[in-house]
Amino acid sequence: MQERANKQNKVKVKYFLTTVIVLFFIAAGKAEAQVNPPRPISVYASPGQGMNFGAFYLGNNGGTVILYPDGSRSTTGDIVQASLGYSFSPAIFEVEAEPGTVITIMNGPDIQLTGSNGGQLNLHLESSSPPSPYVTTAFPPSRTQFFIGGTLTVGSPPANPAGSYSGTFSITFIQQ
């Protein structure tokens, strides 16, 4: 009789454990619901933070002015950096996105900047800081700042007279 009771108890324990295991897998299956689609990102151009190459002197042969995402600049060829009270800075964009969103930056084509006294300069967009692609970590409403550099190609003085040069460039922020 005792053996029979032990057998029944073992069967009950096995049944109970099997039921618990099955319920666990059913509950785990319910926990794996599909995540909501990501919230679209928002991109803001920082006010007053367009790309600015500052002042420089042009020799006879031209060259390039390189503006780095870290805010520094350098020149090549026959160009001399000058301060003259004009600041230089990379373009700054702010992106608001959910943490874990992968942001890839795609630069637009080279553009021609038009001079206030005639002439044109070629602007080629360079890399960003942080580098692309980037996985966001800030929680909205905080934003991640992206600094975009560029290279300005300057010709001879007759082709590029002194003055202010301006233009518009495009950058695409891709959310993944």
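The values are calculated or read from the model by the stated rules, or taken from the named source; none is laboratory data. The model shown is predicted, which means the values in this text are computed figures rather than measured ones. Cβ atoms come from the backbone with ideal geometry, glycine included; neighbour counts cover every protein chain shown.
Exactly one residue among Leu58, Leu84 is assigned to a loop (DSSP other than H, G, I, E, B), under 18 Å from Tyr165 (Cα atoms) and out of contact with any His (no Cβ under 9 Å at 6 or more places or on another chain), and that residue is Leu84. With respect to the conditions (1) touching a residue at least 40 places away in the same chain (Cβ under 8 Å); (2) not in a strand (DSSP E or B), Ile148 falls short on a single one, namely (2). Suppose the filter is in the same structural domain as Gln145 (by TED's automatic domain parsing) and modelled with pLDDT of 95 or more; does Gly71 pass it? For Gly71, the condition - in the same structural domain as Gln145 (by TED's automatic domain parsing) and modelled with pLDDT of 95 or more - is not met. For the structure I just gave you, tell me whether Leu125 is hydrophobic (A, V, I, L, M, F, W, C) and part of a loop (DSSP other than H, G, I, E, B). So Leu125 fails the test. One residue alone among Ile103, Ile92 is surrounded by 14 or more Cβ atoms within 10 Å (Cβ to Cβ), β-branched (Val, Ile, Thr), within 21 Å of the chain's Cα centre (by Cα) and farther than 17 Å from Pro133 by Cβ, and that residue is Ile92. Residue count for the range 41-55, restricted to those that are of a type in the set (Gly, Ala, Ser), more than 14 Å from Gly71 (Cα to Cα) and not in a strand (DSSP E or B): 2. Of the residues making up the range 138-155, those that are of a type outside the set (Val, Ile, Thr) and surrounded by 14 or more Cβ atoms within 10 Å (Cβ to Cβ) number 9.
State whether one or more residues within the range 104-116 are under 20 Å from Met51 (Cβ atoms), in contact with a strand residue (DSSP E or B) (Cβ under 7 Å, 6 or more places away or on another chain) and not in a strand (DSSP E or B). Taking every residue of the range 104-116 in turn, at least one turns out to be under 20 Å from Met51 (Cβ atoms), in contact with a strand residue (DSSP E or B) (Cβ under 7 Å, 6 or more places away or on another chain) and not in a strand (DSSP E or B).
The residue that is farthest from Ala97 (Cα to Cα), among those in the range 109-137 that are surrounded by fewer than 13 Cβ atoms within 10 Å (Cβ to Cβ) and among the hydroxyl-bearing types (Ser, Thr, Tyr), is Ser116.
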